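> Let me begin by handing over the structure; questions about it come next.
The values are calculated or read from the model by the stated rules, or taken from the named source; none is laboratory data. What you see is a predicted model, and the numbers here were worked out from it, not measured in a lab. Cβ atoms come from the backbone with ideal geometry, glycine included; neighbour counts cover every protein chain shown. Side chains are part of the model used for accessible areas, which takes the heavy atoms of the whole protein and leaves out ligands, DNA and RNA. Shrake-Rupley method; radii C 1.70, N 1.55, O 1.52, S 1.80 Å.
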Amino acid sequence: LDLHKQMQDQSFSDVEFLVGGQMLYAHRVILAARSEYFRKLLSSGMIETKSSDACTETSRCAISIPDFEPAVVKRLICWLYCSIIEAPLLIDEGIALSHLADQYLLDELKSSCARHLEKHVQLETVVKLLQASLSCRSPMLERTCLNFVVAHEDALMKHSSFLQCTNVDVVLGS
């Protein structure tokens, strides 16, 4: 069974993600098997259905994700189905996916995002990535960023990204 092909197959989907005006489809059995958060959400009956009744095992559930772009939620669904993050993962997408993973308690995905983002730690990006590591509670990425900060402290203190940073945790931490 090719789960990658099943990701957006509406034929037997029973979950709809409402994201940025788009509808993304999934299967509750996959979501529940891969995520404790989704298992609890889908079994609680506390999410909406098309008819505004409680979400039941026989109804199609609608889950609204208003604060993320459809491309990022597609990456989340892909990871839930296939345990992969499709390349390329741009910095902003990786940060957003890491936040989404944190929100849905997907530590393995958050660690995968951190490994991808660590490859992008450099003078121009370290402040942004350090801020992201703090806001989505990613100690692995935070450690990588702080090691870079220590190794490049003089250059960083003069860099515009650091000089414009207003995040007290980042400024005091470096």
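> Applying the selection to the range 15-50, what residues are open to solvent by less than 80 Å² (accessible area, probe 1.4 Å), on the phi < 0 side of the Ramachandran plot and modelled with pLDDT under 90?
Once the filter is applied, which keeps residues that are open to solvent by less than 80 Å² (accessible area, probe 1.4 Å), on the phi < 0 side of the Ramachandran plot and modelled with pLDDT under 90, the range 15-50 yields LEU41, LEU42, SER44, ILE47, THR49.
> Turning to a different aspect of this structure: Could you look through the range 117-141, keep only residues that are part of a helix (DSSP H, G or I) and open to solvent by less than 20 Å² (accessible area, probe 1.4 Å), and pick out the one that is modelled with the lowest pLDDT?
By that ranking, first place goes to VAL127.
> While we're looking at this one, here's another question. Which residue pairs have Cβ atoms closer than 9 Å, lie 6 or more positions apart in sequence or on different chains, and pair a first residue in the range 1-20 that is part of a helix (DSSP H, G or I) with a second residue that is of a type in the set (Ser, Thr, Tyr) and modelled with pLDDT under 90?
Close Cβ pairs (under 9 Å, with a partner that is of a type in the set (Ser, Thr, Tyr) and modelled with pLDDT under 90) amount to GLN6/SER13.
> Restrict the check to the range 71-91 and report whether at least one residue is at pLDDT below 90 and in a strand (DSSP E or B).
No, the range 71-91 contains no residue that is at pLDDT below 90 and in a strand (DSSP E or B).
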